[in-house]
Structure formats: C-alpha cells, structure tokens
Amino acid sequence: MNQISKLETVFLALNTTSYTIAEAISPNSPFINNRQIKGTAFLFVILIDIALVEFFFGQLMKATFNEVTIISILFMGIYIVLDMVYSKKIEVIVKNYGSYYSFFIPVLFVLFSIGSAVYIFTRA
C-alpha cells in the first residue's frame with residue numbers, strides 16, 4: 001500500500017474520525033458488522049453536515065432551503081466518494097489512529113455532533 005500523505009490525512013479526517021468513534025461505541029458483539037459501523041459513522045457526518053450547512057448558508061448567508069439542501073447533499077456525496085475511493089487507507093488510519101491524529105479531535109467531534117443534533121432539533 002502507498003504511503004498516506006499529509007493531504008490525505010486532512011481530507012480523510014472526517015471519515016476516519018467518525019469511523020473511529022462509531023467503532024469505539026459499538027459493543028463487541030458478533031452481530032455488529034462493518035456495514036453497521038459505517039452506517040453509524042455516516043449518521044455522525046449527516047448530523048454535522050446538515051447543521052453546518054444550515055447555519056452557515058441558511059442563517060449567515062441567507063440561502064434558500066433548496067440551495068441549502070443541494071449544498072448539504074453535495075457535501076454528503078463528497079464524503080461517500082472519499083469513503084469509497086480511500087477505503088483501504090481509511091482502514092489503515094483507523095487502526096493506527098493515534099499516530100495520525102490527536103485524540104483531542106474525537107472529543108471535539110462528539111461534542112460537535114451533540115451540538116449539531118441539538119441545533120437541528122431545536123430549529124423545528
């Protein structure tokens with residue numbers, strides 16, 4: 001496998017952090033498989049994506065609902081494409097997460113996920 005560049009670690013930070021957290025919170029059960037962990041990781045990304053796009057584009061830039069939806073779907077599409085193209089490198093980074101990233105990032109990620117969920121559900 002090729003070396004993982006610094007640029008790839010930056011682009012894959014969201015993917016690997018969400019996957020690492022989803023893997024850590026899933027119980028050690030034979031019924032939990034890799035697809036379910038990836039689904040949980042994607043849920044974290046959706047929460048953050050929708051809240052960020054809604055806040056920055058919807059509230060600050062006064063974009064319409066259609067524009068916010070399209071931008072949010074584009075960001076989710078980028079996440080999915082990165083997940084498919086770099087799946088092997090994501091697995092390598094997740095197994096050695098501490099050597100690529102600080103463990104302060106998952107703490108911020110979890111706090112931001114909680115804040116995003118609160119923001120989304122209190123906007124209704």
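Assorted remarks:
- The range 61-70, residues that are in a helix (DSSP H, G or I), of a type in the set (A, V, I, L, M, F, W, C) and either on the phi > 0 side of the Ramachandran plot or open to solvent by 60 Å² or more (accessible area, probe 1.4 Å) (or both): Phe65, Ile70
- Only one entry in Leu7, Leu43, Leu12 is within 22 Å of Ala117 (Cβ to Cβ) and either at pLDDT 85 or above or β-branched (Val, Ile, Thr) (or both), namely Leu43.
- Selection from the range 71-92 of residues that are open to solvent by 50 Å² or more (accessible area, probe 1.4 Å) and either farther than 28 Å from Ser5 by Cα or among the basic types (Lys, Arg) (or both): Lys88
- Residues that are among the aromatic types (Phe, Trp, Tyr) and either surrounded by fewer than 16 Cβ atoms within 10 Å (Cβ to Cβ) or out of contact with any Phe, Trp or Tyr (no Cβ under 8 Å at 6 or more places or on another chain) (or both), drawn from the range 12-52: Tyr19, Phe31
- Search result, residues across the range 25-67 that are among the aliphatic types (A, V, I, L, M) and farther than 20 Å from Leu14 by Cα: Ile32, Leu60, Met61, Ala63
- Of the residues examined, Phe55 is not one that is within 29 Å of Tyr119 (Cα to Cα), in contact (Cβ under 8 Å) with a residue 40 or more places away in the chain and open to solvent by 100 Å² or more (accessible area, probe 1.4 Å).
- Exactly one residue out of Thr40, Thr20 is touching a residue at least 24 places away in the same chain (Cβ under 8 Å) and within 19 Å of Ile93 (Cβ to Cβ): that is Thr20.
The values are calculated or read from the model by the stated rules, or taken from the named source; none is laboratory data. Here the structure is a predicted model, which means the values were calculated and not measured. We place every Cβ from the backbone using ideal geometry, glycine too, and count neighbours over all the protein chains shown. These accessible areas exclude ligands, DNA and RNA; they are computed on the full protein's heavy atoms, side chains included. Shrake-Rupley method; radii C 1.70, N 1.55, O 1.52, S 1.80 Å.
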